[in-house]
Amino acid sequence: MVGLLKKAWQEVVKPLVQRPDRVQVAAICYQGTGADRKVLMITSRETKRWIVPKGWPIDGLDAKAAAAQEAWEEAGVKVANISPEPLGTYDYDKRMDGGGVVSCATQVYALEVDHLEDDFPEAAERTRKWVNPKQAAEMVDEPGLQDILKQF
């Protein structure tokens, strides 16, 4: 009974009453199709855990263009195609510079990679790695992002 109530709280009630504080955009950068599809993973700047490029919305850009800009700045991605609609959305708690934590809803867009540049704004702060979507899902911490990667 307790498990059922906890599941109802997590999956039904909590999402209705607890809205995220902020919205972010993210990019699943990929090459190839079918069994040959690879996803580009990058490390975060501080903890060096594996993530996909993501960030805050950018004034003057729609969400998919902001995701493409984050992919350029964080991973050196030159985009060939961007999905017109998000693949999905996942929630996570972001640690802010001042030590606080905010809840973020992150819209995820698929970006087909034309090529990668070696000289990009955050090149010295991050590591890049191509993996298949299943491996990518195993590398990230956020359950919602894991689900999106598994379905990709």
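What ranking, highest mean first, results for peptides 57-65, 129-137 when packing means the other Cβ atoms within 10 Å averaged over each residue? Working shown, then result.
On the way: 57-65: 13.6, 129-137: 17.0.
The densest-packed peptide leads the list: 129-137, 57-65.
For n ≥ 4 DSSP H runs only, could you compute -39500 (n - 2.57) per run for the chain, divide by its residues and tell me the 222 nm figure to the nearest 500? Mind showing how you got there, number by number?
On the way: 5 runs with 40 residues, N = 152.
Per the formula, -7000 deg cm²/dmol.
Can you work out the base-10 log of I(q)/I(0) for the range 41-152 at q = 0.20 1/Å, using the Debye formula on its C-alpha atoms alone?
Debye intensities relative to I(0), on a log10 scale: -1.26.
Going 7 Å from the Cα of residue 56 along its beta-carbon direction, which residues of the range 89-121 have the amide nitrogen within less than 12 Å of the resulting point?
Inside the label zone: 96-98.
Please go through the residue pairs 48/129; 48/78; 129/150 and name each one whose alpha carbons sit more than 21 Å apart in this structure. Please report the intermediate quantities before stating the final value.
Details: 48/129 13 Å; 48/78 23 Å; 129/150 17 Å.
Distance filter (> 21 Å) returns 48/78.
If the chain between residue 134 and residue 151 were fully stretched, how many nm would it gain, using 0.36 nm times the residue separation less the Cα-Cα distance? Mind dumping the intermediate values first?
Numbers: separation 17, 0.36 × 17 = 6.12 nm, distance 0.88 nm.
Difference between extended and current length: 5.2 nm.
If I take every Cα pair under 8 Å that is 6 or more residues apart in the range 30-152, average their sequence separation and divide by the length, what percent do I get for the relative contact order? If you can, show how the numbers build up before the last one.
Working: 213 pairs, mean separation 37.6, N = 123.
Once divided by the residue count of the range 30-152, the mean separation gives 31 percent.
Bear in mind that the values in this text are calculations on the coordinates, not laboratory data. Since we're looking at a predicted model, the values are computed, not measured. Don't worry about glycine lacking a Cβ; one is built from the backbone with ideal geometry, like all the others, and counts go over all protein chains shown.
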